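The values are calculated or read from the model by the stated rules, or taken from the named source; none is laboratory data. No experiment lies behind these values; they were computed from the predicted model shown. Every residue, glycine as well, gets a Cβ built from its backbone with ideal geometry; the counts of neighbours run over all protein chains shown.
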Amino acid sequence: MAKELSTRAQDYSQWYNDLVLKGELADYSAVRGCMVIKPYGYALWENMQASLDKMFKDTGHQNAYFPLFVPKSLFEAEEKNAEGFAKECAIVTHYRLKTDPNNKGKLMVDPDAKLEEELIVRPTSEAIIWNTYKTWIQSYRDLPILVNQWANVVRWEMRTRLFLRTAEFLWQEGHTAHATKQEAIAETVQMLDVYADFAENWMAMPVIKGVKTASERFAGAEDTYCIEALMQDGKALQAGTSHFLGQNFAKAFEVKFSDKNNTMDYVWATSWGVSTRLIGGLVMTHSDDEGLVMPPRLAPIQVVIVPIFKGDEQKAILDEKVSGIVASFKAAGIRVKYDNTDHNRPGWKFAEYELKGVPIRIAVGPRDLENNQVELARRDTKEKSAVSMDGLTETVSALLLEIQSNLLNRAKKYRDEHITKVDTWDEFVNVLDAKTGFILAHWDGTPETEEKIKELTKATIRCIPLDNPLEDGKCILTGNASIQRVLFARAY
RNA sequence: CGGGAAGUAGCGCAGUCCGGUAGCGUACCUGGUUUGGGACCAGGUGGUCGCAGGUUCGAAUCCUGUCUUCCCGACCA
């Protein structure tokens, strides 16, 4: 029977959970705050990884892998970084269990197996990586180091949500070392551009590039650049960050190099990352009340073919005909699934693949064979049309591109309609509550005002957009002088 | 971590107040009829009621503890 979904209007949070669970992206697990990523969800992640990984390599980076555990003494070396993450760390204190003498069949932590030094399960890897880089770097000839790792990290969040905030999540973290400040800043900006490119052109999720204010900055960074996306409920999602770390980690870990003139200097650093949170962003950007909507470039299944038949004889004819179509699709690089299972009827399959967000559905039955055509349905607009079997691969390839760009345009239109310039406090509060979305408003530049606004409205400064025009104005809260508008929103 | 809700068959739920050995829908299996938007008929399989203690002749039900999840806050990518 029907898998009932909540609608966005009814209950946005429940709608999101329904899509993730019933669309079979992920499941809850027996572990607090940790989810099981199911094959369909993982296939999506693999497609994201593959695209990003290629972009990293095209910009000169290599993959490596560093340990899951960070000795406490290393973890605390960079003070601000340690402080920032201290409240959400999982810590390994023992290395052995033993059978509990007072409780048959149960295990207990062996008190004799206490570690000399606790190990922190990495919430991020700067510490262990910079401790390693120390041994890799002596001369300017060793620079730059351009390394990325695909890994899992653990942050003991108080409140978790599937993909958006889980205690363990998958991500990539790039960690680079440079001889000059300018080069490190250029790297930070370059990777931000890579993220923005990926978000817009693969995920079809428009983003605003910007710089975080001091209070929203990554712990241990000089500057945090970010991409901010807007979800359908009008809340912002930080989709990726790229940090200019200055010489903070080099100083904390004593990483120096000698330049051409044989003078010693600390190394300049960057780090940048995106996570499985992007999947949550993708879901909330495109999906509708019928289910997920996958952008073709990342969709695990781009085209599903549903045969319509009565009896084995018709099925055999269709199988034969469709196998040619499938081969042609595959040759053209199209990810296609032919669902000729007999235990679900066509109507069931239609609903199921809509829920899964497959961009294009092709239905083909005896009637179509007579007319040398198929029925083609697109997920983004729900339009159905009869198209010729001749040139079908080209038709489908072109339609996938069109759906990809339609999704981006649709999301961009929504996003642009939800960027509002306001000049007064009343307007600010009204827009935040009624219209929602991003708000461009003047701010006096002080952390105190930023904090006060957050307290009063739950809105935060998402970023100072990179291409921000300078413009004299008055802070919406204090009325003090301001030189530019900044981007506010309520956020995930 | 504070406030609220929940955990019973793969999934969605009833039963819990008032203790007596578990039920409905769906899914699944078998057979048949079906198949262009979530099929129908008949017959079946499947649960130590989240977990651990306790009270009792007897616990899904009462008591204590604990784990997980959802929603709203504080914290965060």
- Looking at segment A:154-176, is at least one residue under 30 Å from A:ASN261 (Cβ atoms), out of contact with any His (no Cβ under 6 Å at 6 or more places or on another chain), assigned to a helix (DSSP H, G or I) and modelled with pLDDT of 95 or more? no
- Hey, can you tell me all the residues within segment A:435-451 that are under 12 Å from A:ASN480 (Cβ atoms) and not hydroxyl-bearing (Ser, Thr, Tyr)? A:HIS442, A:TRP443, A:ASP444, A:GLY445, A:GLU448
- Within segment A:116-135, is there a residue that is over 25 Å from A:HIS286 (Cα atoms), touching a Lys or Arg at 6+ places or on another chain (Cβ under 9 Å) and within 13 Å of RNA strand B (Cβ to nearest atom)? yes
- Note on the structure: Restricting segment A:315-345 to residues that are near RNA strand B (Cβ under 8 Å from one of its atoms) and in contact (Cβ under 8 Å) with a residue 12 or more places away in the chain, the one surrounded by the most Cβ atoms within 10 Å (Cβ to Cβ) turns out to be A:LYS315
- Task: Scan the helices (runs of 4 or more DSSP H) fully inside segment A:1-85 and keep the ones with 3 or more residues being within 13 Å of RNA strand B (Cβ to nearest atom), under 15 Å from A:GLY280 (Cβ atoms) and within 17 Å of the chain's Cα centre (by Cα).
- Result: A:12-22
- Task: Filter segment A:366-424 down to the residues that are of a type in the set (A, V, I, L, M, F, W, C) and in a loop (DSSP other than H, G, I, E, B), then identify the one that is nearest to the chain's Cα centre (by Cα).
- Result: A:VAL422
- Note on segment A:241-287: residues under 30 Å from A:GLU24 (Cβ atoms) and part of a loop (DSSP other than H, G, I, E, B) are A:THR276, A:SER287
- Please name all residue pairs, on different chains or six or more residues apart, with Cβ atoms under 8 Å, provided the first residue is in segment A:117-143 and is among the basic types (Lys, Arg) and the second residue is part of a helix (DSSP H, G or I). A:ARG122/A:ILE128
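Could you list all residues from segment A:273-304 that are buried (at least 18 other Cβ atoms within 10 Å of the Cβ) and within 11 Å of RNA strand B (Cβ to nearest atom)? Talk me through it step by step, then tell me what you get.
Within segment A:273-304, the subset buried (at least 18 other Cβ atoms within 10 Å of the Cβ) is A:273-288, A:291-304.
Hits for segment A:273-304 are A:GLY273, A:VAL274, A:SER275, A:THR276, A:ARG277, A:LEU278, A:ILE279, A:GLY280, A:GLY281, A:GLY291.
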